[in-house]
Amino acid sequence: MSMIAQTIATAPFADQRPGTSGLRRKVERFRERHYLENFVQALLDTIAVPPGAALVLGGDGRYFNREAIQVVLRMAAANGVERMLVGRDGLLSTPAASHIIRERRLHGGIILSASHNPGGPDGDFGIKYNTDNGGPAPDQLTQEIAARAAAISAFRVLATPDVPLDRVGAHSLGRMEVHVIDPVTEYAELMERIFDFGALRELLGGGSFRMRFDAMHAVTGPYAREILERRLGAPPGTVINGEPSPDFGGGHPDPNLTYAPELVSIMSGEDAPDFGAASDGDGDRNMILGRRFFVNPSDSLAILAANSVLVPRYAGGLTGIARSMPTSRAADRVARHLGIECHETPTGWKYFSNLLDAGMVTLCGEESFGTGSDHVREKDGLWAVLFWLAIIARRSLSVERIVRDHWAEFGRDVYMRHDYEGLPAEPGAALVADLRKALPSLAGTHLVGREIAFADDFSYTDPVDGNVVAHQGIRIVFNDESRIVFRLSGTGTEGATLRVYLESYEPDRTRHHLEAGDVLAPLVRAAHDLSRLRERTGREEPTVVT
């Protein structure tokens, strides 16, 4: 078989502009002739891997993952990349990819994942690039890749057999070295450096504490089994749905109360374990559950920050906290208590990376079930689970008690997110556009008996490089500190997803037992009255409530 690079003529596709986290489209779109190749060539042209540098490559195991990895390898070899590291069986969690880039000082990484989006032949696929700091490509680089894809006329590829990926070892592809690595071991060793594994072994191996980790048939299964069951001594079966599957076992790999019904049922039963957790398709998100108790992700970030001294890596204190704008302000209250700053950024982990690199923050998180720290430049689902276990091991309290004690000290930010998925794109965009036009007239007006203090379209000026990002979400903030946020998501592949975020601060501990839905009902009415959501979308209820 010829090892000479072939140059194949092609034409641009009109939809190769990445969203919040890379390019995500339906599998059938990626399988169209030259679609994947065009984007990979645009990416390789833009990042211009220098001589001697290496990339890491892997994905979440979803449908088309194996085929796409072989295409990327052949194209990398044809484009002069000298060395590629690939996760065994083509599997690589997003946080593990970030760690490997940083630990091995690689040029960057190509991650094949659509994160929490559904898999299978009718599901979604995605590809994104992480830079040499381990974090997602910044806006400028993303725009350069999109511009290159819009002008592409040819791509380069080798015509070679597939590289075997089932065993750790080295292979040659033309002049390129391909190293199949075991990312699970490297990631587990990182966790051992962050947490007190001795204390965690006592908790998980003692017999009195029980937990379930739902890997949702996604990439985190091998990592969770290695760490929780093998290294920390949790009983076999602690990790459920631990075998990665191209269609995620027929489920939806999004760790929330709607899409993790098996875990929710287990944690709601009469003989429920003490602790439950789940992670998503590529391993960067987490859901935390106690016995018949759900931990809101915004609260989770605040609680990790408030208890950070209990983890060896963070015992010396935090430099700062960062949260995405739609995330509740619970973390802000902890930051004020600790005497550190809490930065409010747009949604997307790339905005945290500059702050982390500059040493301005240690912990960061988003309401969309993502938390992380300066150990990598991505959110990290299994790290968050171990952090919670570390708190439980030191405090000997239930999940619910830890959360309620936190509310008693800091007050409760009652919070919900309503997702309206699969909306026709035009009504969704028009709804947000009309809200944007109404903003100047809203301050001082009343909705459901509350006065609007201010309303704006969130923009962000990066304190590190001065870059400005606008139109990041409509904020309606009331005088009593409650707020409504409207935002169109950039992670879907069909139509539009409108997210409506609702938050109300409750300092009175005698009211902390109230259900979030009851507390926030007036804000739900206000959101519908202001946006005319039902009339504009035809939706009576959200698709998902978290």
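The values are calculated or read from the model by the stated rules, or taken from the named source; none is laboratory data. Please read these numbers as outputs of a predicted model, since none were measured by experiment. Cβ: placed from backbone, ideal geometry, glycine included. Neighbour counts: every protein chain shown. Keep in mind that these areas ignore ligands, DNA and RNA; they rest on the heavy atoms of the full protein, side chains included. Shrake-Rupley method; radii C 1.70, N 1.55, O 1.52, S 1.80 Å.
Which of I110, F125, G80 sits closest to the plus end of the dipole of the range 53-125, meaning its Cα is farthest towards the positive end, when Lys and Arg get +1 and Asp and Glu get -1 on the C-beta?
With unit charges placed on the Cβ atoms, the residue in question is G80.
Would you please give the residues with an amide H less than 5 Å from that of D214, counting only those at least 5 places away or on a separate chain, with H modeled from the backbone geometry?
Under 5 Å from the amide H of D214 lie the amide H atoms of I240, A277, A278, S279, each far enough along the sequence or on another chain.
Mind putting a number on the dipole of the range 434-546 about its Cα centre? Charges go on the C-beta only, +1 for Lys and Arg and -1 for Asp and Glu, and I need it in Debye to the nearest 20. Intermediate values should be presented prior to the final figure.
Details: 14 positive and 18 negative charges, 58 e Å.
The calculation lands at about 280 debye.
Counting pairs of alpha carbon atoms under 8 Å apart in space and at least six apart in sequence, what relative contact order in percent does the range 128-249 give? Kindly include the intermediate steps, with their values, before the conclusion.
Values: 112 pairs, mean separation 20.9, N = 122.
Relative contact order, the range 128-249: 17 percent.
What residues qualify as long-range amide H neighbours of L85, i.e. H under 5 Å apart, gap of 5 or more or another chain, H built at 1.01 Å from N?
L55, V56, L57, H179
Can you list the HN-Hα couplings for the range 499-510, worked out from phi with the Karplus curve (6.51, -1.76, 1.60; θ = phi - 60°), rounded to whole Hz and with x for Gly and Pro?
10, 10, 9, 10, 8, 9, 8, 10, x, 7, 5, 6
Would you give the gap between the C-alpha center of the range 7-38 and the C-alpha center of the range 266-314, rounded to a whole Å?
For the range 7-38 versus the range 266-314, the Cα centre distance is 36 Å.
I'd like the carbon and sulfur percentage of the solvent accessible area for the chain, probe radius 1.4 Å, heavy atoms only, ligands and nucleic acids excluded.
On the chain, the fraction of accessible area on carbon and sulfur atoms equals 47 percent.
I want the local charge near L431. Using Cβ-Cβ distances under 9 Å, sum +1 for each Lys or Arg and -1 for each Asp or Glu among the other residues. Working shown, then result.
Working: positive: R532, R536; negative: D434.
Value of the local net charge: +1.
Would you please name the trypsin sites (Lys or Arg not before Pro) within the range 398-434 that are DSSP coil residues with at most 14 other C-beta atoms within 10 Å of their C-beta? Walk me through the intermediate numbers first.
Working: sites: R401, R404, R412, R417; in loops: none.
Listed in order of number, the matching sites amount to none.
Choose one of V295, G58, A306: the residue whose Cα lies farthest towards the positive end of the charge dipole of the chain (beta-carbon charges +1 Lys, Arg; -1 Asp, Glu; about the Cα centre).
G58
Using alpha carbons only, what's the Rg to Rh ratio of the range 406-506 with Rh from Kirkwood?
Details: Rg = 15.4 Å, Rh = 15.2 Å.
Answer for the range 406-506: 1.01.
Calculate, for the chain, the solvent-accessible area per residue in square angstrom, rolling a 1.4 angstrom probe over the heavy atoms of the protein chains. Don't jump to the answer; show the numbers that get you there.
Details: 20390 Å² over 546 residues.
Computed with neighbouring chains in place, this is 37 Å² per residue.
Name the GluC sites (Glu not before Pro) in the range 473-546 that are in a loop by DSSP and that have at most 11 other C-beta atoms within 10 Å, would you? Can you show the working numbers first?
Details: sites: E481, E494, E503, E515, E535, E540; in loops: E481, E494, E515, E540.
Hits after loop and neighbour filter: E515, E540.
From the square roots a ≥ b ≥ c of the eigenvalues of the alpha-carbon gyration tensor of the chain, which class results: rounded (a/c under 1.5), prolate (a/b over b/c), or oblate?
Numbers: a/c = 1.78, a/b = 1.26, b/c = 1.41.
Oblate.
Can you classify the range 307-382 as rounded, prolate or oblate using the Cα gyration tensor, where a ≥ b ≥ c are the square roots of its eigenvalues, rounded means a/c under 1.5, and otherwise it's prolate if a/b beats b/c and oblate if not?
On the way: a/c = 1.41, a/b = 1.17, b/c = 1.21.
Since a/c stays below 1.5, the shape of the range 307-382 is classed as rounded.
Divide by every residue of the chain the summed helix terms, -39500 (n - 2.57) for each DSSP H run of at least 4, and state the resulting mean residue ellipticity at 222 nm, rounded to the nearest 500 deg cm²/dmol. Write down the numbers at each step before the final one.
On the way: 17 runs with 177 residues, N = 546.
After summing the helix terms and dividing by residue count, I get -9500 deg cm²/dmol.
Can you pull out the trypsin sites (Lys or Arg not before Pro) in the range 1-77 whose DSSP state is coil and whose Cβ has at most 10 other Cβ atoms within 10 Å? Spell out each step's value before the answer.
Values: sites: R24, R25, K26, R29, R31, R33, R62, R66, R74; in loops: R31, R33, R62.
Sparse-neighbourhood loop trypsin sites (Lys or Arg not before Pro): R33.
Under unit Cβ charges (Lys, Arg +1; Asp, Glu -1), what dipole magnitude, rounded to 20 debye, does the chain have relative to its Cα centre?
Numbers: 58 positive and 72 negative charges, 87 e Å.
It works out to roughly 420 debye.
Where a Cα-Cα gap under 19 Å defines reach, which aspartates and glutamates qualify for K26, not counting those fewer than 8 residues away within the same chain?
D15, E37, D60, E67, D122, D124, D247, D254, D280, D282, E421, E494
Can you run phi through the Karplus equation (6.51, -1.76, 1.60; θ = phi - 60°) for the range 276-291 and list ³J(HN,Hα) in whole Hz, with x for Gly and Pro?
These are the phi-based 3J(HN,Hα) values: x, 8, 9, 10, 9, x, 9, x, 9, 10, 8, 10, 10, 10, x, 5 Hz.
Work out from phi, with θ = phi - 60° and the Karplus expression 6.51 cos²θ - 1.76 cosθ + 1.60, the ³J(HN,Hα) of each residue of the range 377-390, listed in order in whole Hz, and give x for Gly and Pro.
Along the range 377-390, the couplings run 10, 9, 5, 8, x, 5, 4, 5, 5, 5, 4, 4, 5, 5 Hz.
What's the local net charge at R17, with K and R +1, D and E -1, over the other residues with C-beta under 12 Å away? Don't jump to the answer; show the numbers that get you there.
Values: positive: R24, R25, R148; negative: D15, D139, E144.
So the surrounding residues net to 0.
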